[in-house]
Amino acid sequence: MKKVVVLILSLFIAFSITSCGLDDNLRWGFIDKEGNMVIEPKFSQAYFFSDGLAPVWVGYRDVGKWGFIDKSGELKIGMEYDHTRGFNDGLAAVRIGEKDRGTWSYINKEGEVVLETDFYDATVFTEGLAPVRVGDDKTGKWGYIDISGSFVIEAKFDIGNIFREGLAPIRIGNDQSGKWGYIDKTGEIIIEPKYTYVGTFNESMAQFKKSSKPDDTDWGFIDKTGNVAIEPVYKWANGFGDGLAAVQTAEGKWGFIDKTGKMIIEPQFNNASSFSEGLCAVDLGDEYNPKWGFIDKKGELVIEAQFVSAINFSEELAPVCVDIKKK
């Protein structure tokens with residue numbers, strides 16, 4: 001379960017249509033760790049496997065539906081959902097209908113509705129709790145429910161992220177002036193909201209951004225007491241996985257540090273994700289011609305940089321986007 005949760009970098013992780021869903025020539029499939037395409041690229045969007053199922057989307061721009069496939073590529077839960085954030089802990093939050101008027105519910109791996117809700121937004125269960133939103137984008141607040149649908153932590157935060165290692169990031173205030181901190185499972189604030197952004201804890205460390213200026217080189221890492229563990233000297237930072245974290249230097253290239261802040265894999269990538277199952281997706285192309293592949297923890301390229309986009313491995317498979325016109 002740990003490796004799956006690491007992939008859920010934030011509440012709003014990418015369950016929206018990326019550039020790979022906007023081009024008729026681009027399709028998502030799944031590769032194994034040898035780089036073999038084991039599920040043919042035929043989806044407009046796809047995400048990682050969790051609990052043996054992966055969300056896939058078929059459509060164009062904002063018109064399409066989500067369903068779930070198994071590792072053979074067979075459709076196990078039909079293409080009938082307008083939004084989802086995938087499975088975790090045996091349940092998936094799914095929405096039928098448009099954002100402002102749709103209905104969120106939680107389904108099991110058989111596609112059966114086990115919890116109906118009237119929330120404006122809902123996301124995955126981790127550590128027994130799920131963040132949900134009551135009210136719309138302007139007035140809504142986030143709280144946390146248990147598997148019965150009952151609130152354990154009242155809806156009082158402007159944003160609430162998933163629990164990880166007993167703590168969850170929350171924001172108090174709006175997009176412009178709000179600050180992030182952490183709560184425990186009773187809803188008590190454990191680390192005071194004082195950061196422009198924070199990530200979930202992974203391997204007892206979490207990335208944070210110090211200032212509100214988007215171009216400042218001020219990303220670093222804190223420990224679970226809120227103390228700075230790695231000084232905020234990076235342009236961007238991703239969470240730790242397999243003992244390493246991807247960081248973007250002031251020069252714009254991505255490399256990987258260990259928990260002491262030592263650079264283990266030198267900055268050389270146009271973009272990078274986080275390590276999972278011993279491998280990490282990296283971009284060796286440029287802004288206009290991305291070329292994603294996978295490196296090992298030595299920094300060696302083990303799967304050729306050939307994909308338009310890629311998401312990390314989970315349950316031995318990784319979603320990748322290819323240009324089918326070039327095949």
- Just subtract the alpha-carbon distance of Thr260 and Ile147 from 0.36 nm times their residue separation and send over the number in nm, one decimal. 36.9 nm
- Using DSSP to define loop residues, name the GluC sites (Glu not before Pro) in the range 200-288 whose beta-carbon has at most 10 other beta-carbon atoms within 10 Å. Glu251, Glu287
- Message: Please enumerate, by chain and number, the lysines with C-alpha under 21 Å from the C-alpha of Lys297, excluding those fewer than 8 residues away in the same chain.
- Response: Lys2, Lys3, Lys33, Lys253, Lys259, Lys262
- Straight-distance crosslink candidates among aspartates and glutamates, where the alpha carbon sits under 13 Å from Lys224 and sequence neighbours closer than 8 are dropped: Glu165, Asp184, Glu192, Glu203
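Just flag the trypsin sites (Lys or Arg not before Pro) in the range 56-87 sitting in loop per DSSP whose Cβ has no more than 13 other Cβ atoms within 10 Å.
Values: sites: Arg61, Lys65, Lys71, Lys76, Arg85; in loops: Arg61, Lys71.
Passing sites in the range 56-87 are Arg61.
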- Note on the structure: the range 43-81 and the range 113-154 have their Cα centres apart by a whole-number Å value of 23
- If you compute Cα extents along the principal axes in Å for the structure shown, which of [x] 99, 45, 38; [y] 51, 47, 31; [z] 70, 46, 37 do you land on? [y]
- Query: Which Cα, out of Pro193, Met79, Thr126, lies furthest along the positive dipole direction of the range 2-326 (beta carbon charges, K/R +1, D/E -1)?
  - Reply: Pro193
- Can you tell me the FRET efficiency between Ile172 and Glu80 if r is taken as the Cβ-Cβ distance and R0 is 35 Å, rounded to the nearest 0.05? 0.45
- Message: Given the -39500 (n - 2.57) contribution per DSSP H run of 4+ residues, what per-residue ellipticity at 222 nm results for the chain, rounded to the nearest 500 deg cm²/dmol?
- Response: -500 deg cm²/dmol
- Which value in nm describes the separation of the simple spin-label points at Asn25 and Lys298, placed 7 Å from the Cα toward the beta carbon? 3.7
- Item | Filtered GluC sites (Glu not before Pro), the range 80-119: DSSP coil and at most 14 other beta carbons within 10 Å | Glu98, Glu110, Glu112
- With respect to the cross-link table entries Lys138/Lys185; Lys65/Lys209; Lys141/Lys213, which display a Cα-Cα separation exceeding 31 Å? Lys65/Lys209
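Taken together, the values in this text are just the output of simple stated rules run on the coordinates, not laboratory data. Since we're looking at a predicted model, the values are computed, not measured. Glycine also receives a Cβ, built like all others from the backbone with ideal geometry; neighbour counts cover every protein chain displayed.
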